[in-house]
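Accompanying notes for the structure given below.
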Amino acid sequence: MTPSSRRRTTTERRVFEAAAILLRGGTRFSDLTVESIIELADVSRASFYKYFTSKGVLVQRIAVPSLAESTQESANFWLTEPATSWKGLAETIGRMLRIGRANAELWQAYFDATAAHPDIEDALHRAMEGHVEVISQRVATLRQAGSISTDMDPIHLARFMIRGTYDALVEHLQHGSADDDDAFTRTLGRALWFGAFAH
């Protein structure tokens with residue numbers, strides 16, 4: 001690694017860490033400024049823009065790894081043989097929720113960024129639809145095997161399961177209590193499982 005690439009990596013990391021500290025400390029996306037980030041990171045404005053075209057892109061890059069981890073939990077459930085009861089789906093949602101709890105401020109900032117930046121919203125939509133496509137193929141296989149009713153359209157069911165889960169997770173993270181997490185995961189897991197598999 002050359003000295004310049006080491007400096008570049010260090011600078012980028014400092015910007016990441018500063019933005020994460022501010023967000024985790026309660027700064028909302030709308031109140032997050034490049035000035036506050038570069039002051040905490042102790043880097044120049046030029047250094048910030050060398051790596052990030054906007055604060056929205058920075059927040060996107062900070063939040064996406066934990067969102068991808070959560071999405072992988074969903075994929076792990078759907079791409080293995082679903083359990084014969086709702087409990088496996090509830091446990092999956094529980095793991096997704098724990099990831100969300102650990103990153104709630106970052107997720108909130110990211111979803112706020114999607115509302116302010118159409119290109120970031122479009123990237124999220126493409127990522128979600130990619131997940132829908134993968135899961136819908138699994139749903140089609142399960143429907144052929146008789147595990148899911150033939151009345152269920154694979155694309156629509158996959159979209160409902162994935163988007164419905166994320167909408168419910170985000171709503172619960174914003175307004176629900178951690179004391180209610182177990183009840184939330186049991187209820188959502190049971191409702192989604194019976195919606196897909198009971199026929």
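The values are calculated or read from the model by the stated rules, or taken from the named source; none is laboratory data. These numbers were taken from a predicted model, which means no experiment stands behind them. No Cβ is skipped: glycine too gets one built from the backbone with ideal geometry, and neighbour counts run over all protein chains shown. These area figures cover heavy atoms from the full protein model, side chains too; ligands, DNA and RNA do not enter into them. Shrake-Rupley method; radii C 1.70, N 1.55, O 1.52, S 1.80 Å.
A residue that is closer than 20 Å to GLU91 by Cβ, in contact with a helix residue (DSSP H, G or I) (Cβ under 9 Å, 6 or more places away or on another chain) and of a type outside the set (S, T, N, Q) cannot be found anywhere in segment 119-130. Residues in segment 131-142 that are surrounded by 19 or more Cβ atoms within 10 Å (Cβ to Cβ) and either under 20 Å from the mean Cα position of the chain (by Cα) or not in a helix (DSSP H, G or I) (or both): HIS131, VAL132, ILE135, SER136.
Considered as a group, the residues in segment 183-199 that are aliphatic (A, V, I, L, M) and over 13 Å from LEU97 (Cβ atoms) include one that is surrounded by the fewest Cβ atoms within 10 Å (Cβ to Cβ), and that residue is ALA198.
Condition check ((1) under 11 Å from the mean Cα position of the chain (by Cα); (2) under 30 Å from THR11 (Cβ atoms); (3) aromatic (Phe, Trp, Tyr)) across all residues:
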| site | (1), (2), (3) |
| --- | --- |
| PHE48 | no, yes, yes |
| GLU69 | yes, yes, no |
| ALA90 | no, no, no |
| GLY94 | no, no, no |
| ILE99 | yes, yes, no |
| TYR110 | yes, yes, yes |
| HIS117 | no, yes, no |
| GLN144 | no, no, no |
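Taking helices (runs of 4 or more DSSP H) as the structural unit, those lying wholly within segment 1-100 and holding at least 2 residues that are open to solvent by less than 60 Å² (accessible area, probe 1.4 Å) and among the hydroxyl-bearing types (Ser, Thr, Tyr) correspond to 3-24, 45-51, 55-79. Might you let me know whether segment 108-115 holds any residue that is of a type in the set (D, E, K, R), open to solvent by less than 70 Å² (accessible area, probe 1.4 Å), touching a Ser or Thr at 6+ places or on another chain (Cβ under 7 Å) and under 29 Å from ASP181 (Cα atoms)? For segment 108-115, residues of a type in the set (D, E, K, R), open to solvent by less than 70 Å² (accessible area, probe 1.4 Å), touching a Ser or Thr at 6+ places or on another chain (Cβ under 7 Å) and under 29 Å from ASP181 (Cα atoms): present. Among the residues of segment 39-67 satisfying the criterion of being in contact (Cβ under 8 Å) with a residue 24 or more places away in the chain and of a type in the set (Gly, Ala, Ser), which is farthest from GLN108 (Cα to Cα)? Of everything passing the filter in segment 39-67, SER47 is farthest from GLN108 (Cα to Cα).
Within the span defined as segment 167-182, every residue fails to be open to solvent by 40 Å² or more (accessible area, probe 1.4 Å), in a helix (DSSP H, G or I) and β-branched (Val, Ile, Thr).
Applying the condition of being among the β-branched types (Val, Ile, Thr) and modelled with pLDDT under 95 to segment 144-156 and asking which residue is surrounded by the most Cβ atoms within 10 Å (Cβ to Cβ) yields ILE148.
Is segment 13-32 home to any residue that is modelled with pLDDT of 95 or more and more than 26 Å from the chain's Cα centre (by Cα)? Scanning segment 13-32, I find no residue that is modelled with pLDDT of 95 or more and more than 26 Å from the chain's Cα centre (by Cα), so the answer is no. When the test is whether a residue is outside any loop (DSSP other than H, G, I, E, B), open to solvent by 20 Å² or more (accessible area, probe 1.4 Å), touching a residue at least 60 places away in the same chain (Cβ under 8 Å) and not hydrophobic (A, V, I, L, M, F, W, C), ARG159 does not pass it.
Screening GLU105 with (1) open to solvent by 60 Å² or more (accessible area, probe 1.4 Å); (2) out of contact with any Leu (no Cβ under 6 Å at 6 or more places or on another chain); (3) under 19 Å from LEU169 (Cα atoms) gives one miss only, at (2).
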